[in-house]
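Structure first, then comments.
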Amino acid sequence: MRGLAVDKDEKTVEWVRRYSALGEHGIVWLGLGAWGATLDDRRRRRWIKATATVGATYLTSTSVKAMIGRQRPVVENLPQLMRTPTGLSFPSSHSSSSFAAAQAFGELLPQPLLYAAAAGMAFSRMYLGVHYPSDIAAGAALGTVMGRLGR
């Protein structure tokens, strides 16, 4: 059953996977912070502080995830569309680090664009079937709070 709609859906899934992979371990946000600290001499300290905040948020999220131990969604006849490093889901570390970045980098870059990227990252995890909505909400809340502390 390989029709045009299936091919288009497979392409969509592949693009969402690629985007989501950028958020693994907060790498896209840590890279953005390193780039900013390297190129923006005048605001280097702010870039470093914001980047450290994103890293601390990721570490906090993964620590909470290990303590809670909630397993990723398993729905019959609906496979996960991406492999994950662990089977743990609460809170979403992609959401945590992305919303922390939106807050922490918000005085350095246009915040609406950062929030659009963070929301896309968070929702990509539900689209791929690797997080519950509550994982995303908790991750976004944790990231927002920690990101505000890092401004």
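Scoring GLY36 on the criteria (1) crowded, with 19+ Cβ neighbours inside 10 Å; (2) closer than 21 Å to LEU142 by Cα leaves a single failure, condition (2).
Screening TYR127 against (1) over 22 Å from ARG44 (Cα atoms); (2) without any contact (Cβ under 8 Å) to a residue 24 or more places away in the chain leaves a single unmet condition, (2).
A single entry from SER89, SER61, SER97 fulfils the requirement of being at pLDDT below 85, buried (at least 18 other Cβ atoms within 10 Å of the Cβ) and small (Gly, Ala, Ser): SER89. Within the stretch 33-40, identify whether any single residue is closer than 19 Å to GLY120 by Cβ and among the aliphatic types (A, V, I, L, M), and answer yes or no. No, that holds for no residue. For the stretch 132-141, indicate whether the set of residues that are aromatic (Phe, Trp, Tyr) and not in a loop (DSSP other than H, G, I, E, B) is non-empty. No: the stretch 132-141 contains no residue that is aromatic (Phe, Trp, Tyr) and not in a loop (DSSP other than H, G, I, E, B). Would you call ARG148 free of Cβ contacts under 8 Å to residues at least 60 places away in the same chain and among the charged types (D, E, K, R)? Taking the combined requirement at face value, the residue satisfies it. Listed by first and then second residue, the pairs linking a residue in the stretch 1-26 that is farther than 13 Å from SER95 by Cα and assigned to a helix (DSSP H, G or I) to a residue that is modelled with pLDDT of 80 or more and among the aromatic types (Phe, Trp, Tyr), with Cβ atoms under 7 Å apart and 6 or more places separating them unless they lie on different chains, are VAL16/TYR127.
The values are calculated or read from the model by the stated rules, or taken from the named source; none is laboratory data. On a predicted model such as this, the values are computed, not experimentally measured, just so you know. Cβ: placed from backbone, ideal geometry, glycine included. Neighbour counts: every protein chain shown.
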